């Protein structure tokens with residue numbers, strides 16, 4: 001059984017939903033598309049909770065409800081990018097006792113316009129703001145988050161379930177003297193301060209750094225040419241199970257790569273890794 005999620009802090013009970021393509025599992029000669037896997041990731045516990053395979057006849061949006069059905073969402077904050085910004089998905093999260101934080105892009109033009117208008121017209125006393133700054137990998141990143149109450153009737157006659165706030169996060173990156181600015185917009189059913197929302201937004205991208213990046217660099221997922229029958233699907237499941245097992249093992253001074261190799265070299269070490277699974 002996986003560890004219980006701590007439901008008290010928005011950052012600790014955050015479940016990020018995102019997809020990853022195993023690029024070389026496709027075959028242009030036969031028309032086989034690369035495997036695309038949709039995963040749910042518990043940010044604080046750093047564990048993959050569930051996954052769905054997105055085949056050529058569907059898309060991420062169609063499979064998000066099925067993925068969410070596998071999870072206990074009560075008290076959790078579910079974050080999804082613009083591919084999952086649809087009312088039925090929000091309804092499913094709220095009905096299960098969770099809250100949503102959804103990215104809004106141009107695929108929802110009326111909603112996006114409504115958010116921008118709400119941010120521009122909000123009374124000063126209702127506006128929450130926060131900022132952060134960090135330097136890493138030779139670049140300076142600044143973020144500014146603005147949160148305001150969601151206006152009534154946002155995006156048409158059909159209300160978004162439990163919608164409380166809309167927000168914008170403006171990110172500025174400075175690298176080699178070049179400045180790049182990007183603003184992202186969000187809706188959420190949870191009451192969050194600007195600091196909490198900014199932390200949750202950053203928390204969503206942990207699935208990229210802690211799952212997708214690790215699968216590529218440590219497990220060589222993007223270099224895999226496994227294409228036959230159910231091979232790619234089975235390997236995707238095995239890799240995520242292995243990732244969870246290694247994460248659950250006390251780390252000591254060993255890196256993720258070293259722990260993975262030791263589990264392959266030593267049966268005793270492998271048994272100790274399996275023993276780290278909570279009863």
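Bear in mind that the values in this text are calculations on the coordinates, not laboratory data. Predicted, not measured: the structure shown is a model, and the values here were computed from it. When we count neighbours, we look across all protein chains shown, and the Cβ atoms used for this are built from the backbone with ideal geometry, even at glycine.
Hey, for a label at residue 217 modelled as a point 7 Å past Cα toward Cβ, could you say which residues of region 223-257 have their backbone N under 20 Å away?
The answer is 223-224, 239-257, whose backbone nitrogens lie closer than 20 Å to the label point.
Can you sort 219, 256 by how many other beta carbons sit within 10 Å, fewest first? The partial results should precede the final answer.
Details: 219 20, 256 16.
By the 10 Å Cβ count, ascending: 256, 219.
Rounded, prolate or oblate: which fits region 159-252 when a ≥ b ≥ c are the square roots of the eigenvalues of the alpha-carbon gyration tensor, with rounded for a/c under 1.5 and prolate only if a/b beats b/c? List each step's numbers first, then the result.
Numbers: a/c = 2.11, a/b = 1.66, b/c = 1.27.
Verdict is prolate for region 159-252.
Given the rule -39500 (n - 2.57) for each run of at least 4 DSSP H residues, summed and divided by the residues of the chain, what is its mean residue ellipticity at 222 nm, to the nearest 500 deg cm²/dmol?
Mean residue ellipticity at 222 nm (helix-derived): -9000 deg cm²/dmol.
Once P(r) over Cα pairs in 10 Å bins from 0, in percent is worked out from the coordinates, which option in (i) 7, 27, 35, 23, 7, 1; (ii) 6, 25, 31, 25, 11, 2, 0; (iii) 7, 31, 37, 20, 4, 0, 0 does it equal?
Correct label, based on the coordinates given: (ii).
Treating the angle as unsigned and between 0 and 90°, give the value, to the nearest 10°, between the Cα long axis of helix 60-69 and the longest Cα principal axis of the chain.
Value to nearest ten degrees: 80.
Return the percentage of antiparallel bridges among DSSP beta bridges fully within region 14-248, rounded to the nearest 5 %.
In region 14-248, approximately 85 percent of DSSP beta bridges are antiparallel ones.
When the chain is fully extended, how far beyond the present Cα-Cα distance does residue 129 get from residue 191, taking 0.36 nm per residue of separation?
Working: separation 62, 0.36 × 62 = 22.32 nm, distance 1.40 nm.
Computed gain between residue 129 and residue 191 is 20.9 nm.
Counting pairs of alpha carbon atoms under 8 Å apart in space and at least six apart in sequence, what relative contact order in percent does the chain give?
19
Please give the helix 256-265 orientation as an angle from the longest Cα principal axis of the chain, in degrees from 0 to 90, rounded to the nearest 10.
Value to nearest ten degrees: 20.
Would you calculate the separation in nanometres between label points at residue 254 and residue 268, each defined as 7 Å from the Cα along the Cα-to-beta-carbon direction?
Simple spin-label model gives 1.2 nm for this pair.
Between residue 237 and residue 30, how many nm apart are label points set 7 Å from Cα along the C-beta direction?
2.0
Give me 240, 61, 23 sorted ascending by neighbouring Cβ count inside 10 Å, so fewest comes first.
Values: 240 21, 61 18, 23 14.
In order of increasing Cβ crowding within 10 Å: 23, 61, 240.
To the nearest Å, what is the center-to-center distance of region 60-128 and region 177-206, using C-alpha atoms only?
Cα centroid of region 60-128 versus Cα centroid of region 177-206: 13 Å apart.
For the chain, take the longest principal axis of its alpha carbons; what is the angle in degrees between that and the long axis of helix 109-121, to the nearest 10 within 0 to 90?
It is inclined by approximately 60 degrees.
Could you give the length gained on full extension between residue 106 and residue 55, defined as 0.36 nm per residue of separation minus the Cα-Cα distance, in nm?
15.9 nm
Calculated FRET efficiency, residue 62 and residue 183, Cβ-Cβ r, R0 22 Å, to nearest 0.05? Walk me through the intermediate numbers first.
Numbers: r = 29 Å, r/R0 = 1.30.
After rounding to 0.05, the efficiency reads 0.15.
Going by how many other Cβ atoms sit within 10 Å of their own, how do 126, 146 line up, fewest first?
Result, fewest neighbours first: 126, 146.
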